[in-house]
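What follows is a structure written as structure tokens; I'll ask about it next.
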Amino acid sequence: MRKFTAILAAVLVIVCVFAAAAPAGAKEIKQGLKVASINATNTHGWRFVYDKQMREVAEGLKAKGIIAEFTELCPNMDQAVEAQMFETCVNEKYDVILLNAVGSSGLDTQIEMAIDAGITVIFVDNLYPYEGVLGIQTDQRIWAGNACQALVDFLGGKGKIIMLNGILGATGSSVRYDTWEGILANYPDIEVVFKGAHSWSQVESKRVMSEFLASGTAYDAILTEEGCVGILEAIEEAKAPYPKYMTSDEEVGYLRMLARINKDEPVIGFYIIENPPGIGATALKLAVRVASGWEFKDGVLENGSYLYKPSYVVTPDTLAKAVEDTKDMADTDQVSAFITDETADAAFE
């Protein structure tokens, strides 16, 4: 195993400062739970780490007897397959189903079946819109808002930018888009010269950026949700000028590219804020407590969702340390974290 968990531990010191002692009284977590994770896709680095860290937590819970069976399912972005997988989990009487959904429709019948069967259903990352079901997600308003504001501030409120989303049909991507639009509305001298989407894929972001560069449209900065490695590869292969500023991607390869490009002098300004794939592991820790009948404290949930507050940030001032901290990781690994058991306990009464 790479020096991944050690780095995560260091990150967790930062992101879990709000942790408190476990709730008063010896509250118990059920033993022998059957848990299923349905992850829409596993075709890129963020999703690899999502699965890996959830599996890591599941193994720890197995060792304690809390989880008896942990099943990972992936419909590969096929909603019909996703529905079949979900229904199978209901029929096989799982106790917990964690769903990182393909989209935002098509599962109402299956979800109702699960609820009627007493199964704990939790939506993770891409929050499926079904009233009354707990959602667990990184607070994308913070993620998108901080990055967008940093870009605007760098440009002094004036310039031409391109805006690249992931998949607008996904709830997280839609929240990011709306957050960006809300901030940019305050800066009439910021002109968006191109809008596109890359499905959070480095391959697709490279293709989209290559096509944009071929248009010859002038721009100053790039506001993007992930896909930064592919974007920079397209720029370098086209021998085009670098942007003055870029936003966020947690992929380690992006850190290394920025360090190389900025080695001798500042070339690309940037702001990276965590969107940890560890949100799946966070969800699993909370899920076993919910399935055990624990109730959240007042004020912990917002509109029925637990929102993880991202706080780990990399800027030009901290890039060298981030590169050093991740030196034993692969380019496709992600900077990620998930909550401690103490933080999970502290969320409940």
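Let me confirm something: among ILE136, ILE161, which residue is hydrophobic (A, V, I, L, M, F, W, C), touching an Asp or Glu at 6+ places or on another chain (Cβ under 7 Å) and surrounded by 23 or more Cβ atoms within 10 Å (Cβ to Cβ)?
Only one candidate passes the filter, namely ILE161.
Looking at ARG289, ARG256, which is the one that is closer than 30 Å to PRO129 by Cβ, touching a helix residue (DSSP H, G or I) at 6+ places or on another chain (Cβ under 7 Å), of a type in the set (Lys, Arg) and modelled with pLDDT of 95 or more?
ARG289
Could you tell me whether any residue of the range 240-253 is assigned to a helix (DSSP H, G or I) and either small (Gly, Ala, Ser) or more than 19 Å from ALA150 (Cα to Cα) (or both)?
Yes, because at least one residue in the range 240-253 is assigned to a helix (DSSP H, G or I) and either small (Gly, Ala, Ser) or more than 19 Å from ALA150 (Cα to Cα) (or both).
When the range 56-74 is examined, which residues are found to be surrounded by 15 or more Cβ atoms within 10 Å (Cβ to Cβ), hydrophobic (A, V, I, L, M, F, W, C) and either modelled with pLDDT under 95 or in a helix (DSSP H, G or I) (or both)?
VAL57, ALA58, LEU61
Name the one entry in THR340, THR332, THR315 that is among the polar types (S, T, N, Q) and under 28 Å from VAL133 (Cα atoms).
Among THR340, THR332, THR315, only THR340 is among the polar types (S, T, N, Q) and under 28 Å from VAL133 (Cα atoms).
Another question, then. Within the range 75-105, track down each residue that is more than 19 Å from GLY172 (Cα to Cα) and among the hydrophobic types (A, V, I, L, M, F, W, C).
Result: ALA80, VAL81, ALA83, MET85, PHE86, CYS89, VAL90, VAL96, ILE97.
Still on this model: Provide a single number: the residues in the range 231-267 that are surrounded by fewer than 23 Cβ atoms within 10 Å (Cβ to Cβ), farther than 15 Å from PRO316 by Cβ and not hydrophobic (A, V, I, L, M, F, W, C).
6
Confirm whether ILE222 is surrounded by 15 or more Cβ atoms within 10 Å (Cβ to Cβ), over 29 Å from GLN53 (Cα atoms) and within 21 Å of the chain's Cα centre (by Cα).
So ILE222 passes the test.
I would also like to ask the following. In the range 99-118, what residues are surrounded by fewer than 19 Cβ atoms within 10 Å (Cβ to Cβ) and not in a loop (DSSP other than H, G, I, E, B)?
The answer is ASP108, THR109, GLU112, MET113, ILE115, ASP116.
May I pose another question? Out of LEU155, LEU151, which single residue is at pLDDT 95 or above, crowded, with 20+ Cβ neighbours inside 10 Å and under 27 Å from GLY216 (Cα atoms)?
None of the other options fit; the residue is LEU151.
Right, something else. State whether the residues of the range 177-190 include one that is in contact with a Cys (Cβ under 6 Å, 6 or more places away or on another chain) and either crowded, with 23+ Cβ neighbours inside 10 Å or on the phi < 0 side of the Ramachandran plot (or both).
Yes: the range 177-190 contains one or more residues that are in contact with a Cys (Cβ under 6 Å, 6 or more places away or on another chain) and either crowded, with 23+ Cβ neighbours inside 10 Å or on the phi < 0 side of the Ramachandran plot (or both).
Test ASN146 against the stated conditions and say whether it is surrounded by fewer than 21 Cβ atoms within 10 Å (Cβ to Cβ), under 17 Å from the mean Cα position of the chain (by Cα), polar (S, T, N, Q) and within 15 Å of GLU225 (Cβ to Cβ).
yes
Just to be sure, is ILE162 under 25 Å from the mean Cα position of the chain (by Cα), over 18 Å from ILE273 (Cβ atoms) and aliphatic (A, V, I, L, M)?
Yes.
Continuing with the same structure: When only residues in the range 85-98 that are crowded, with 17+ Cβ neighbours inside 10 Å and not in a helix (DSSP H, G or I) count, which is nearest to the chain's Cα centre (by Cα)?
LEU98
Okay, next question. Here is a check on your reading of the model: is GLU295 surrounded by fewer than 23 Cβ atoms within 10 Å (Cβ to Cβ) and more than 22 Å from the chain's Cα centre (by Cα)?
yes
Quick grid of which residues meet (1) more than 19 Å from ASN146 (Cβ to Cβ); (2) surrounded by 14 or more Cβ atoms within 10 Å (Cβ to Cβ):
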| site | (1), (2) |
| --- | --- |
| LYS309 | no, no |
| SER336 | no, yes |
| THR340 | yes, yes |
| THR343 | yes, yes |
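Could you name every one of the helices (runs of 4 or more DSSP H) located completely within the range 119-219 that has at least 2 residues being within 30 Å of LYS34 (Cβ to Cβ)?
The qualifying helices (runs of 4 or more DSSP H) are 171-184.
Quick one: would you say GLY216 is surrounded by fewer than 21 Cβ atoms within 10 Å (Cβ to Cβ), of a type outside the set (Val, Ile, Thr), at pLDDT 95 or above and assigned by TED's automatic domain parsing to the domain that holds LYS244?
It is true that GLY216 is surrounded by fewer than 21 Cβ atoms within 10 Å (Cβ to Cβ), of a type outside the set (Val, Ile, Thr), at pLDDT 95 or above and assigned by TED's automatic domain parsing to the domain that holds LYS244.
Residue-wise test of (1) modelled with pLDDT of 95 or more; (2) touching a Gly at 6+ places or on another chain (Cβ under 8 Å); (3) not assigned by TED's automatic domain parsing to the domain that holds LYS62.
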residue: LYS239; (1), (2), (3): yes, no, yes
residue: MET246; (1), (2), (3): yes, yes, yes
residue: LYS263; (1), (2), (3): yes, no, yes
residue: GLY280; (1), (2), (3): yes, no, no
residue: LEU284; (1), (2), (3): yes, no, no
residue: ASP317; (1), (2), (3): yes, no, yes
residue: ALA320; (1), (2), (3): yes, no, yes
residue: VAL323; (1), (2), (3): yes, no, yes
residue: MET329; (1), (2), (3): no, no, yes
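The values are calculated or read from the model by the stated rules, or taken from the named source; none is laboratory data. In this text, all values refer to a predicted model and were calculated from it rather than measured experimentally. Positions of Cβ are backbone-derived with ideal geometry, glycine not excepted, and every protein chain shown enters the neighbour counts.
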